[in-house]
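As structure tokens, the structure follows; a few thoughts come after it.
No lab work stands behind these numbers, since they all come straight from the coordinates. Remember, it's a predicted structure, so these values are computed and weren't measured experimentally. Because the Cβ atoms are built from the backbone with ideal geometry, glycine has one as well, and the counts that use them run over all protein chains shown.
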Amino acid sequence: MNVYATVREWVLDGLARMQAAGDLAQGLDMRNVEVSPPREASHGDLASNAAMVLAKAAGKKPRDIADRLAKELAAHPQVARVEVAGPGFLNLTLHPAFWHAVVAAILRDGTEFGRCNLGQGAKTNVEYVSANPTGPMHVGHCRGAVFGDALANLLAFAGYDVTREYYINDAGAQVDVLARSAFLRYREALGEAIGEIPAGLYPGDYLKPVGAALVAEHGHALLNMPEERWLPLVRQAAIDAMLVQIEQDLAALDIRHDVFFSEQSLTRGKDAVRETIEELSRRGLIFQGRLEKPKGHDDEEWEDREQTLFRSTLFGDDVDRALMKSDGSYTYFAADMAYHNEKLKRGFSHLINVFGADHVGYITRMKAAVAALSENKVDLDIKVCQLVKLFRAGEPVRMSKRAGTFVTLRDVVDEVGSDPVRFMMLYRKNDAPLDFDLAKVVEQTKDNPVFYVQYAHARAHSVFRMVKDVFPNLVEGSDGILNADLSRLADQGELDLIRKLAAFPPLLEAAARAHEPHRLAFYLYDLAASFHAQWTRGNELPQLRFIQAGDETLTAARLGLIAATRVVLAAGLKVLGVHAPDEMR
């Protein structure tokens, strides 16, 4: 039950009656007619911009349209009052029975409440994490992992057919560095004193198990091989070991991908990169030319030469992009184009990539590539997750011994748990820097959002434990609660809480449209605050307590409201990938 959509239909019906009566022009574009909460709660329950957005096309003053539309809406049986504000905004106040129906809908739908068909089953690929398989995942990867996973959950809840994908960058120079680093640990595992890790290789202890595994499989044999023979063997063994570790680290955050796509596969057997370049060439989008030296580029490193270029400027990029290096190998961008072409061939109509802060400069060229490859039929949205600064009680956290150069994702999850990590990584917009304090995220205070929201769910559950001693038949999910007389919910605080619950479906839809799961985290905190406030009012005013020993009917209605609150909290937390506990320990 989306109350904004429901009331918008009332507004559109009123406008249609005005058109039928000749009071409003036919053929008006109604797409921008909206219903939303008013700027101030004192103005009513909902507001509409209908008169403001239709006035110019209708050739009328907004106020004139609003006055006429107000008469139409005032006749609706569920509208208590309509007021025209300012130049033509409509403020509506609804009868309490309308809000009571929201509670009934939540109790009926359960955790499916808020699910919609916005996506209409459209095949959507969300690619996230995609960290190089050269070591443990660090806390920066953690934010992109949580964001991408929550976004995938959100889109699935909104009716999209979602595939969660990880792109394995296993074909570049960095994996050769990984192999040489693992070979050093292999020699160490054989008893050789390797001394300090040379500059340019990966430090940290995480490759020691890889070295030991190589000894178990090959003994001393690798030592007798030239590098061109041992390098591919060690490289694949190290990549496989790193991927196992990455999957385990992600699983600690309850993150699992549907597809792991290897960059190596693009040129193994068939050459998908060459095929992609040839496909674009046939459409006149590849040419031989020269590029200007980028500003600030070192003259000694710049090579002015004719090269194979993609006409990305035709699709919004600022320069055309090189596809071949001077040694004849493909550029990273060429491989990325081929990879996205593979996604298109799999039938995705929406592509979403989650990038780290260091990839901002890559956005326009990738959008240009997808626009060209799909002939502007498939949209690519790229979400950037900004940096995470890690603190403990206000002090910066030092690097991890296991990783050698950074704090690992697993270190953080092991210390504070998955729920605080997931919620707090989403409790700030993805493109804003985030300070994550390991001490504060486990505090049991209102200032800790994840505790505050989970505590609301657990607190609501506690009421059902307490009511057993007074009304044993009022069990959550029982007919006594499902069929409660919700008209007994007349207190302003109760109605305000219901309005907050009613905002859940439109909030989810808006968050899914914008690809912004942080909106849900903010909403859940506000919902928890509304519930805690009503609990506090009951402590101060006995007549507002949820359990009224002398009035089973009123108790049943209030328990229905509590059950509805629990449902929405649980549903929202599930989308974020956070547990909804029945009690806090």
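Centre-to-centre separation between the Cα atoms of the stretch 350-426 and those of the stretch 190-233: 30 Å. Selection among Asn2, His532, Ser262 by position relative to the dipole of the chain gives Asn2 as farthest towards the positive end (Cβ unit charges, Cα centre). From largest to smallest, the equivalent ellipsoid semi-axes obtained for the stretch 186-252 from the alpha-carbon gyration tensor read 21, 15, 12 Å. The Rg/Rh ratio of the stretch 108-197, with both radii computed over alpha carbons and Rh defined as the Kirkwood radius, is 1.26.
Calculated FRET efficiency, Arg63 to Lys446, Cβ-Cβ distance, R0 = 56 Å: about 0.80 to the nearest 0.05.
With +1 on each Lys and Arg Cβ and -1 on each Asp and Glu Cβ, and nothing else charged, work out how big the dipole of the stretch 449-576 is about its Cα centre, in Debye to the nearest 20. Show your work: numbers first, answer last.
Values: 13 positive and 13 negative charges, 69 e Å.
Here the stretch 449-576 has a charge dipole of around 320 debye.
Could you point to the residue in Phe157, Tyr427, Gln236 farthest towards the positive end of the chain's charge dipole, with +1 and -1 charges on the Cβ of Lys/Arg and Asp/Glu respectively? Value: Phe157. In summary, the chain shows an alpha-carbon radius of gyration equal to 1.19 times the 2.2 N^0.38 Å reference for compact globular proteins.
Once backbone amide H atoms are built at 1.01 Å from N, Asp435 has Lys389 as its partners under 5 Å, excluding neighbours fewer than 5 places away on the same chain. Between Ala105 and Lys574, full extension at 0.36 nm per residue minus the direct alpha carbon distance yields a gain of 166.9 nm. Residue-wise HN-Hα couplings along the stretch 210-226, as the Karplus relation 6.51 cos²θ - 1.76 cosθ + 1.60 with θ = phi - 60° gives them from phi, are 5, x, 5, 5, 5, 5, 4, 8, 10, x, 8, 4, 5, 5, 8, 9, x Hz; Gly and Pro carry x. Electrostatic bookkeeping for Ser530 treats Lys and Arg as +1 and Asp and Glu as -1; over the other residues with beta carbon under 14 Å from its beta carbon, the sum is +2. Charged side chains reduced to their Cβ positions (Lys and Arg at +1, Asp and Glu at -1) give the stretch 3-94 a dipole of some 220 debye around its Cα centre.
What the phi angles of the stretch 456-467 give under the Karplus curve with 6.51, -1.76 and 1.60, with θ = phi - 60°, is a coupling list of 4, 5, 5, 5, 4, 5, 5, 5, 6, 6, 6, 6 Hz, glycine and proline written as x. Computed from Cα atoms, the angle from the helix 272-282 axis to the main principal axis of the chain rounds to 80 degrees.
Of all lysines in the structure, those lying under 30 Å Cα to Cα from Lys389, and not within fewer than 8 positions of it along the same chain, are Lys208, Lys367, Lys401, Lys429, Lys440, Lys446, Lys574.
List Asp304, Asp419, Asp109, Asp437 from most exposed to least, where exposure is judged by having the fewest other Cβ atoms within 10 Å.
On the way: Asp304 9, Asp419 24, Asp109 16, Asp437 19.
Ordered from fewest to most neighbouring Cβ atoms within 10 Å, Asp304, Asp419, Asp109, Asp437 come out as Asp304, Asp109, Asp437, Asp419.
Phi angles of the stretch 496-506 translate, via the Karplus equation with coefficients 6.51, -1.76, 1.60 and θ = phi - 60°, into HN-Hα couplings of 5, 5, 5, 4, 5, 5, 5, 6, 4, x, x Hz per residue; Gly and Pro are given as x. In whole angstrom, how far apart do the alpha carbon centroids of the stretch 470-507 and the stretch 263-337 sit? Their Cα centres are 61 Å away from one another.
Once a ≥ b ≥ c are taken as the square roots of the eigenvalues of the Cα gyration tensor of the stretch 1-127, is the result rounded (a/c under 1.5), prolate (a/b larger than b/c) or oblate (a/b not larger than b/c)?
Values: a/c = 2.09, a/b = 1.38, b/c = 1.51.
Note, shape of the stretch 1-127 comes out oblate.
Protection proxy ranking of 148-157, 277-286, by the mean of other Cβ atoms within 10 Å over each peptide's residues and highest first, is 148-157, 277-286.
Suppose only helical runs count, i.e. DSSP H with n ≥ 4. What mean residue ellipticity at 222 nm does that imply for the chain under -39500 (n - 2.57) per run, divided by all residues and rounded to the nearest 500 deg cm²/dmol? Before the final figure, lay out each step's value.
Numbers: 19 runs with 272 residues, N = 585.
Helices in the chain give a 222 nm mean residue ellipticity of -15000 deg cm²/dmol.
Summarising the strand pairing of the chain, around 45 percent of its internal DSSP beta bridges are antiparallel.
Percent of C-alpha pairs per 5 Å bin in the stretch 449-576, short distances first: 2, 11, 22, 23, 19, 12, 7, 3, 1, 0.
As a rough footprinting exposure proxy, the listed residues Lys345, Lys60 were ranked by other beta carbons within 10 Å of their own, and the order from fewest upward is Lys345, Lys60.
Its Cα centre serving as origin, the stretch 142-277 has a Cβ charge dipole (Lys and Arg +1, Asp and Glu -1) of approximately 160 debye. Under 5 Å between amide hydrogens, built in the peptide plane, is the criterion, and for Asp379 it picks out Leu351 among residues at least 5 positions away or on other chains. By the count of other C-beta atoms within 10 Å, a proxy for reagent exposure, Arg566, Arg311, Arg465 are ordered fewest to most as Arg465, Arg311, Arg566.
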